[in-house]
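Participant: I have a structure here, written as structure tokens, and I will follow up with some questions on it.
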Amino acid sequence: MDLTIVCKQLKSKTVTIPPSKSLSHRAVICASLSKHACKINNLGDSVDIAASTKGINTIVKQKKEIIDCHESGSTLRFLLPIAAVSGKEFEFTGSARLMERSLSVYDEIFAQKKVKFIKKNGKITIKGPLEPGIFKIRGDISSQFITGLLFSLPLLNGDSEIIITTKLESRDYVILTIDVLKKFGIKITKTKNGFKIKGNQEYISNNYTVEGDYSQAAFFLVANYLGGKYKITGMNEKSNQGDRAIVDILKKVKNNHGKGIIVDASNIPDLVPILTLLMCFLNGKSKIINAGRLRDKESDRLDAICTELNKIGGKITQTKDGLIIQGISSLTGGIVETWNDHRIAMTLGIATLKCTKPLTIKNTEVVKKSYPNFWKDLL
């Protein structure tokens, strides 16, 4: 579906931000691993959450179904080691882009632990059992691998340790995982270089309410900075979500009177597309650094946001692991692509606030991955 938006269409309205996708994934998995029923309140209804819900239930019930992760990297990376806990064989599949994304961490770990792990013809076959022990993992890759191990290692028949061999990036996502695990009775001990995990733990049934998603709220917070009039509800102001950093970034921009800034994206990769748009309208030059992992997302997000915003008047150049953005006063309009990426689509939707002519956004339905009602809330 293509959508053409004129700036004057954007009205003052109240927006209730959807539940955190990160917390929804984690709550669904922990609840499903519990022995008794749990009630998850305010659970997200996105395609990604549906994939995790169906996938973890397939593993728990040991069905002989293929686990379709669609385009969800979280689903795939969280569930693979859980599937490896038992001696049962499971098959995973997903979109072509997802199945091309790196799983090198699991390649190494599963080989060391003698877990069957075969990637062929767009499918992954895995068969355990996964054995406890030492798990060495780089910290400068996706934290999703660490989270996957944190879910699964407490279930093993023995103690384990995760040793992080480089600086831990996206650490706030790991903190979220540990917080949710704690609510379901799982204890993780922090060490100097990683985590110790006792084996033979049991997930304890608990009810859980998912709070609003700061990575989604960021779109409307930036929209308000650019002239929008959205009243944002459903947020926890004391949230541990790493993407709550958008609040402090906007405060910094206002305190600097709109001057260009430098943002280290190592712990807030999901904010990069909307931050790029924000920086287009700061005075002078801004930079996003340490964002190289965005080249291995639903799209190459650095290339995608640079290409599409430059089509409509942006002045952005790419570096190996970031972007350099020169401030401008407005965007033009025209036709832009979403690269089959929900965060690119939503950023372009917010960009219409600064377009002097109508903007046509192609393939807008991709927002269903994380925020199905985005266009309704925006317009």
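The values are calculated or read from the model by the stated rules, or taken from the named source; none is laboratory data. Fair warning: this is a prediction, and the values are worked out from it, not measured in the lab. Glycine gets a Cβ as well: all are built from the backbone with ideal geometry, and neighbour counts include every protein chain shown. The accessibility values were calculated without ligands, DNA or RNA, using every heavy atom of the protein model including side chains. Shrake-Rupley method; radii C 1.70, N 1.55, O 1.52, S 1.80 Å.
Participant: Take the stretch 310-327 and flag every residue that is among the aliphatic types (A, V, I, L, M), over 22 Å from the mean Cα position of the chain (by Cα) and open to solvent by less than 30 Å² (accessible area, probe 1.4 Å).
Facilitator: Once the filter is applied, which keeps residues that are among the aliphatic types (A, V, I, L, M), over 22 Å from the mean Cα position of the chain (by Cα) and open to solvent by less than 30 Å² (accessible area, probe 1.4 Å), the stretch 310-327 yields Ile312, Ile316, Ile325.
Participant: So, in the stretch 141-165, exactly how many residues are at pLDDT below 95 and more than 18 Å from Lys190 (Cα to Cα)?
Facilitator: The qualifying residues number 2.
Participant: Could you please let me know if Lys231 is modelled with pLDDT of 95 or more, among the basic types (Lys, Arg) and either open to solvent by less than 50 Å² (accessible area, probe 1.4 Å) or more than 27 Å from Ile17 (Cα to Cα) (or both)?
Facilitator: It is false that Lys231 is modelled with pLDDT of 95 or more, among the basic types (Lys, Arg) and either open to solvent by less than 50 Å² (accessible area, probe 1.4 Å) or more than 27 Å from Ile17 (Cα to Cα) (or both).
Participant: Could you check the stretch 153-178 and list, in sequence order, the residues that are in contact with a Phe, Trp or Tyr (Cβ under 9 Å, 6 or more places away or on another chain), of a type in the set (Ser, Thr, Tyr) and touching a residue at least 40 places away in the same chain (Cβ under 8 Å)?
Facilitator: Residue satisfying the conditions is Thr177 alone.
Participant: Does the stretch 161-183 hold any residues that are over 27 Å from Leu98 (Cβ atoms) and outside any helix (DSSP H, G or I), and which are they?
Facilitator: Glu161, Ile163
Participant: Right, next: Can we say Thr177 is β-branched (Val, Ile, Thr), open to solvent by 20 Å² or more (accessible area, probe 1.4 Å) and either closer than 21 Å to Cys30 by Cβ or within 23 Å of the chain's Cα centre (by Cα) (or both)?
Facilitator: Spelling it out, it is not the case that Thr177 is β-branched (Val, Ile, Thr), open to solvent by 20 Å² or more (accessible area, probe 1.4 Å) and either closer than 21 Å to Cys30 by Cβ or within 23 Å of the chain's Cα centre (by Cα) (or both).
Participant: Still on this structure, I have one more. For Ser12, work out the one condition from (1) over 16 Å from the mean Cα position of the chain (by Cα); (2) open to solvent by 40 Å² or more (accessible area, probe 1.4 Å); (3) closer than 21 Å to Leu80 by Cα it doesn't fulfil.
Facilitator: (3)
Participant: Take the residues in the stretch 240-279 that are in contact (Cβ under 8 Å) with a residue 60 or more places away in the chain and more than 23 Å from Asp300 (Cβ to Cβ), then tell me which one is most open to solvent (accessible area, probe 1.4 Å).
Facilitator: Out of the qualifying residues, it is Asn240.
Participant: State which residue is nearest to Ser12 (Cα to Cα) when the search covers only the stretch 344-365 and only residues that are open to solvent by 10 Å² or more (accessible area, probe 1.4 Å) and not in a loop (DSSP other than H, G, I, E, B).
Facilitator: Among residues in the stretch 344-365 that are open to solvent by 10 Å² or more (accessible area, probe 1.4 Å) and not in a loop (DSSP other than H, G, I, E, B), the one nearest to Ser12 (Cα to Cα) is Leu353.
Participant: Suppose the filter is open to solvent by 10 Å² or more (accessible area, probe 1.4 Å), farther than 25 Å from Pro269 by Cβ and at pLDDT 95 or above; does Lys198 pass it?
Facilitator: In short, yes.
Participant: Looking for whichever is farther than 24 Å from Arg293 by Cα and among the β-branched types (Val, Ile, Thr) here; the options are Ile197, Ile146, Ile141, Ile164. Which one fits?
Facilitator: Criteria check complete, one pass: Ile197.
Participant: Could you run through the stretch 203-223 and say how many residues are part of a helix (DSSP H, G or I) and either exposed (fewer than 15 other Cβ atoms within 10 Å of the Cβ) or aliphatic (A, V, I, L, M) (or both)?
Facilitator: 5
Participant: Right, something else. Can you find a residue that is within 17 Å of the chain's Cα centre (by Cα) and open to solvent by less than 40 Å² (accessible area, probe 1.4 Å) anywhere in the stretch 129-141?
Facilitator: Yes, the stretch 129-141 contains a residue that is within 17 Å of the chain's Cα centre (by Cα) and open to solvent by less than 40 Å² (accessible area, probe 1.4 Å).
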